[in-house]
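The values are calculated or read from the model by the stated rules, or taken from the named source; none is laboratory data. This one's a predicted model, so the numbers in the text were calculated from it and none came from an experiment. We place every Cβ from the backbone using ideal geometry, glycine too, and count neighbours over all the protein chains shown.
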Amino acid sequence: MAEFDNRVIRGGAAGADARAAEYDAGLRAYMLGVYNYMALGVALTGIVAFAVSSSPALLQTIYGTPLKWVVMLAPLGVVFYLSARLHAMSAGTAQAVFWGFAALMGVSLSYIFIAYTGADITRVFFITSAAFASLSLWGYTTQRDLSGWGSFLFMGLVGIIIAALVNIFLQSTAMQFAISAIGVLVFAGLTAYDTQDIKTMYYEGDSSEVAAKKSISGALRLYLDFINLFIMLLNLLGSRE
């Protein structure tokens, strides 16, 4: 009887280990999909930004006319739309909207290739990449519950958006510095917080359609963290031409 009980215990432990290994493999694949979408989105944004900045005619059309306000504000509208309507979209539609948003962000960020030197952009990009990778890895591996950061970081994000919109008209250098300094802290925190939250969204029983939409949603959040962290650091560390 004791021998039978031991076999049951060993079998149960082995089964639990197998299930845990299967869950970990699924989670890693899910997070890899999130990071792949995010990285491709950043790459698309960079390519579009550089292409637009290389065309004086396009720059004049965008920044020499009221179209610049559309280019500056449209990405914010797309973010709200995608966040609100993602659940009702197919995975294919959500992916197409995400790529469209990344391209639109590229148009919006084309000015950085005019305002800053290529050396500054490259240097800050690698600094941002290293910081983002470290923060996201910590958010993924830490046993600390970061959910309590959510409301605080959200309030900071709202404050930054409002201050940035006001400063479009004020053009205050001091306010821009303050926005950038606070923004670095907020988006650093959001990188870790969002990574942990995206990790908790994983569910092993999700259909491929639901899993794909969750990956796109997670990629959008991390993409925004990376891009905004990059912009804030560029404002602080870059030398305007």
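Test Ser136 against the criterion of being of a type in the set (Gly, Ala, Ser), farther than 23 Å from Leu86 by Cβ and at pLDDT 95 or above, and give yes or no.
On the way: of a type in the set (Gly, Ala, Ser): yes; farther than 23 Å from Leu86 by Cβ: no; at pLDDT 95 or above: yes.
Against the criterion (of a type in the set (Gly, Ala, Ser), farther than 23 Å from Leu86 by Cβ and at pLDDT 95 or above), Ser136 does not qualify.
Show me the helices (runs of 4 or more DSSP H) found entirely inside the range 13-110 where at least 1 residues are surrounded by 11 or more Cβ atoms within 10 Å (Cβ to Cβ), modelled with pLDDT of 85 or more and basic (Lys, Arg). Give the steps one after another, and end with the answer.
Numbers: elements: 56-63, 67-85, 91-108.
The helices (runs of 4 or more DSSP H) meeting that bar are 67-85.
With (1) surrounded by fewer than 18 Cβ atoms within 10 Å (Cβ to Cβ); (2) touching an Asp or Glu at 6+ places or on another chain (Cβ under 7 Å) as the list, and Leu190 as the residue in question, which single condition is left unmet?
It is condition (1) that Leu190 fails.
If the Cβ limit is 7 Å and pairs must be 6+ apart or interchain, which residue in the range 102-124 that is acidic (Asp, Glu) pairs with which residue that is surrounded by fewer than 21 Cβ atoms within 10 Å (Cβ to Cβ)?
As it stands, the answer is Asp120/Gly238; Asp120/Ser239, since those pairs meet every condition given.
So, in the range 133-161, of the ones that are among the aromatic types (Phe, Trp, Tyr) and touching a residue at least 40 places away in the same chain (Cβ under 8 Å), which residue ends up surrounded by the most Cβ atoms within 10 Å (Cβ to Cβ)? Walk me through how you get there before you give the answer.
Residues of the range 133-161 that are among the aromatic types (Phe, Trp, Tyr), as a first pass: 138, 140, 149, 152, 154.
Within this subset, residues satisfying the condition of being touching a residue at least 40 places away in the same chain (Cβ under 8 Å) are 138, 140, 149.
Working: Trp138: 15, Tyr140: 14, Trp149: 18.
Only one residue tops the list, namely Trp149.
Just to be sure I understand the filter: pairs with C-beta atoms under 7 Å, separated by 6 or more residues or on different chains, first member in the range 193-208 and assigned to a helix (DSSP H, G or I) and surrounded by 13 or more Cβ atoms within 10 Å (Cβ to Cβ), second member at pLDDT 80 or above and acidic (Asp, Glu). Which pairs pass?
Going by the 7 Å Cβ cut-off, the qualifying pairs are Asp194/Asp225.
Checking Asp145 against (1) within 21 Å of Phe177 (Cα to Cα); (2) charged (D, E, K, R); (3) in a loop (DSSP other than H, G, I, E, B), only one condition comes out false. Which one?
Against the list (1) within 21 Å of Phe177 (Cα to Cα); (2) charged (D, E, K, R); (3) in a loop (DSSP other than H, G, I, E, B), Asp145 comes up short only on (1).
Which number in (1) part of a helix (DSSP H, G or I); (2) over 23 Å from Gly77 (Cα atoms); (3) more than 18 Å from the chain's Cα centre (by Cα) marks the one condition that Gly189 misses?
Looking at each condition in turn, Gly189 falls short on (3).
Can you confirm whether Phe125 is more than 16 Å from Arg221 (Cβ to Cβ), in contact with a Phe, Trp or Tyr (Cβ under 8 Å, 6 or more places away or on another chain), surrounded by 14 or more Cβ atoms within 10 Å (Cβ to Cβ) and not basic (Lys, Arg)? Can you show your working first?
Numbers: more than 16 Å from Arg221 (Cβ to Cβ): yes; in contact with a Phe, Trp or Tyr (Cβ under 8 Å, 6 or more places away or on another chain): yes; surrounded by 14 or more Cβ atoms within 10 Å (Cβ to Cβ): yes; not basic (Lys, Arg): yes.
Yes.
Quick one: would you say Gly41 is under 23 Å from Gly218 (Cβ atoms) and out of contact with any Cys (no Cβ under 9 Å at 6 or more places or on another chain)? Give the steps one after another, and end with the answer.
On the way: under 23 Å from Gly218 (Cβ atoms): yes; out of contact with any Cys (no Cβ under 9 Å at 6 or more places or on another chain): yes.
Criteria met by Gly41.
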